[in-house]
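The values are calculated or read from the model by the stated rules, or taken from the named source; none is laboratory data. Everything quoted here is computed from the prediction, not taken from an experiment. Glycine gets a Cβ as well: all are built from the backbone with ideal geometry, and neighbour counts include every protein chain shown. In case anyone asks, the SASA skips ligands and DNA or RNA and just uses the protein heavy atoms, side chains included. Shrake-Rupley method; radii C 1.70, N 1.55, O 1.52, S 1.80 Å.
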Amino acid sequence: MTLLAVENLHVQFSTPFGAVYALRGIDFELSKGEILGLVGETGCGKSVTGRSIIGLLDENAEVTQGRVRFENADLLQLSEADLREIRGNRIAMIFQDPAVALNPLFTIGQQIGDVLRAHGADLRSEQRERALQLLNDVGLPDPAQLVDVYPHQLSGGQQQRAMIAMCLAAEPDVIIADEPTTALDVTIQAQILDLLRMLQRDREISVILITHDLGIVAETCQQVVVLYAGRVVEKGSVETLFAQPQHPYTRGLLSALPRAGSRGRELNVISGTVPSGLERIKGCAFAPRCGFAMPRCHEQQPAFSAFGPKQQSACFLHEPLNHD
Amino acid sequence: MFTLKYLLRRLGFSVFVLVGALVLTFFVSHVIPSNPAALYAGARPRPEQVAEIEKKLGLDKPLHQQFYLYVSELLEGNLGESYHSRRSINTDLSIFLPATLELVIAAVLIALLLGIPVGVLAGAWPRSPFDYATRLVAIAGVSVPSFWLALIAQFIFFSQLDLLPLGSRISRDATLFYPVTAQTGFYLIDAAISGNWKAWADALHHLILPALVLAAYPLGITIRMIQTSMLEALSETYITSARAAGLSRRVILFKLALKNAIMPALTVVGLSFAYSITGAFLVETIFSWPGVGKYVTEAVLNVDFPVIIAVTLVVTVVYIFVNLVVDLLQSLLDPRVRLA
């Protein structure tokens, strides 16, 4: 069942150098209770996509086209007051670095209490009870003590767990996790990802996991959406997409991964660089770097072609032959 | 959080500062050429009179002995006596210091109660007309000379509108018909304690204009500091995460961001409070406010050393105290600040 659908989303930033086209048409659907990975290089628009869903773009950003459907409403059309009802309550967000995403001057309990109060829990004793429960749910030891400490007194992993507890406070249906493990140690990374998987399994929470790490996607997600220069190039279920990547960019990414047994051999690289956001791109954004590029790739934007029921790729190579 | 150990160390250090200030003012004021004994003697003294007074005041002794005498008096809590009026400085200060503190505290309260919300909103709406208007007010508050502001305020509220009195702490009618019994020296407090509400209203009426004029400088500083640090706080990730959690704008601005923004402002506001104690002398003079500023101005004009030294010491104590309070407040507000 589709819970949230991003349709043809375009976002641009006004900068002193001119308009930067950050998103040039993003389409994907998030189903109830699944973890969807949003992958791509730095600057491909992963975070902008996540933030525009709940209307948290910076002031110089503008959504120029598209819709974000969530329960018969277009989130992009909602007023600030209506959005506030959605934020935290229905769709919550986890950030990359918990050390800066938590307010340094308030205790963990106070910060969870603020979220509870914003979404209807007025009693102080009830708030504390809930906060203790939440800290316990995210696997923090000794909640009774941690509820009264300040963020700087926690380790990075504990901070991220506290942040997740804050996100769970109002029992959201969707969590957008923007690189939730990038700032953490590798061992802690695995624990946090386990926690996200557990929440998805036990509470049927859907997660949009924004990451640049294909390994994390393979381990954690059911669905994956590959972004390149503000566009979706390929999307589908993790099993099929990782087994049979169709788009040349996805193939390039996967073959660039170091693998067991490849020690001493040179890694594959994708030659060339990502196009600047200042350019207007006519055809396929990847065409200048693509080994298979045809003349029309530079002229026309390829539509999605389906590979089985679970995978789609935006590339002319896979277009069904047209017999006129 | 702070500890007793920290507090004791800070107080020990304060004694050091105090002694430094004392030595400096004492020796500087005794080295500059003047004749305090002649001043003490009054108009047209005869030379033998002056010599006699010099002996009485110990001015004929070597400087280090004079210092020793002064310090031993000081340690007994005696600030000495004015060469000019021959009144006890302790008595004088017990009248003038509360008057100044009442004025300065009122001014700083106005600055904070007005400056903080205005600064928060200006920081919340950068580049809005409100932001530009408050910048103008803030810059004017800091840069317009207080004596000019005082004269303009008197012209408008006394001459033109006839709303507020021209000066002094309380009207003569009030002192005659409902006199305030002095306990703390703060008229508003003394009148309130004795339930003398007519005198209380009268004192408040007199306080408004000088307090507003004196508030201009700390108000300007508070607005600017809060506005700048609000801008900074609002760009932090924890504000984005608070918005993502659906918290209201009111909570984000006045609770989450303000608590972070108030820290840098605290230091500056604290200093401007201490500064106002002596900075008030122009305002006090114009409004005939019987305070320390007016007292020390006269002392300087008369080269009345004991008074100058005593006031310097008192102001030093106020500076030290305010700084200590600011540091303690900061450690209360920010759990990351460890005072050790």
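A few remarks follow.
- The mean sequence distance of close C-alpha pairs (under 8 Å, at least 6 residues apart), as a share of the length of the stretch B:108-245, puts its relative contact order at 43 percent.
- The packing ranking, built from the mean of other Cβ atoms within 10 Å per residue, places the peptides B:249-258, A:89-98 in the order A:89-98, B:249-258, highest first.
- Shown for chain B: the carbon plus sulfur share of the solvent-accessible area, taken with all protein chains present and a 1.4 angstrom probe, equals 69%.
- Solvent-accessible area, 1.4 Å probe, carbon plus sulfur percent, for the stretch A:129-284: 48 percent
- As a calculated quantity, the FRET efficiency between B:LEU63 and B:ARG9 at R0 = 35 Å, using C-beta atoms, amounts to about 0.60.
- Tensor-based shape of the stretch B:1-136 (alpha-carbon gyration tensor, a/c under 1.5 rounded, otherwise prolate or oblate): prolate
- Carbon plus sulfur fraction of accessible area for the stretch A:1-107, probe 1.4 Å, in percent: 46 percent
- Under the shape rule built on the C-alpha gyration tensor, where the axes satisfy a ≥ b ≥ c, the protein assembly as shown is prolate, since a/c reaches at least 1.5 and a/b is greater than b/c.
- Complex-versus-alone comparison for the stretch A:85-131, residues with a loss of 20 Å² or more in accessible area, probe 1.4 Å: A:ARG87, A:PHE95, A:VAL100, A:ALA101, A:ASN103, A:PRO104, A:LEU105, A:PHE106, A:ASP114, A:VAL115, A:ALA118
- Per residue accessible area in Å² of the stretch B:58-201, where ligands, DNA and RNA are left out and the probe is 1.4 Å: 58 Å²
- Prolate is the label for the stretch B:197-335, because the ratio a/c of its alpha-carbon gyration tensor axes (a ≥ b ≥ c) is 1.5 or higher and a/b is greater than b/c.
- Over chain B, dividing the summed -39,500 (n - 2.57) contributions of all DSSP H runs of at least 4 residues by the number of residues returns a 222 nm mean residue ellipticity of -24000 deg cm²/dmol.
- Within the stretch A:55-85, the GluC sites (Glu not before Pro) that combine a DSSP coil assignment with at most 10 other C-beta atoms in a 10 angstrom radius are A:GLU59, A:GLU71.
- Estimated FRET transfer efficiency (A:GLN244, A:GLU71; beta-carbon r; R0 45 Å; 0.05): 0.85
- Charge context of B:LEU79, other residues only, Cβ under 13 angstrom, K/R +1, D/E -1: -4
- Contact order relative to length of chain A, as percent, for alpha carbon pairs under 8 angstrom and 6 or more apart: 21 percent
- Value of relative contact order over chain B, rounded to a whole percent, pairs C-alpha under 8 Å and six or more apart: 28 percent
- Whole-Hz Karplus values for the stretch A:122-130 come out as 9, 6, 5, 5, 5, 4, 5, 4, 5 Hz, taken residue by residue from phi with 6.51 cos²θ - 1.76 cosθ + 1.60 and θ = phi - 60°; glycine and proline positions read x.
- Buried between B and A is an accessible area of approximately 2100 Å², summed over both sides with a 1.4 Å probe.
- Accessible area in square angstrom per residue, the stretch B:213-340, 1.4 angstrom probe: 37 Å²
- Here is the list for the stretch B:13-79: GluC sites (Glu not before Pro) lying in DSSP coil, each with at most 15 other C-beta atoms within 10 angstrom of its C-beta, are B:GLU76.
- Residues of the stretch B:223-254 that bury at least 40 Å² of accessible area when the other protein chains are present, relative to the chain alone (probe 1.4 Å, heavy atoms, ligands and nucleic acids excluded): B:THR237, B:TYR238, B:THR240, B:SER241, B:ARG243, B:ALA244, B:ALA245, B:GLY246, B:LEU247.
- Taking a straight Cα-Cα cut-off under 22 Å and skipping sequence neighbours fewer than 8 places away in the same chain, the lysines within cross-link reach of A:LYS235 are A:LYS32, A:LYS46, A:LYS282, A:LYS310.
- Chain A - accessible surface per residue (Å², probe 1.4 Å): 46 Å²
- Förster radius 51 Å - calculated FRET efficiency between A:ASP82 and A:GLU41, Cβ distance, rounded to 0.05: 0.90
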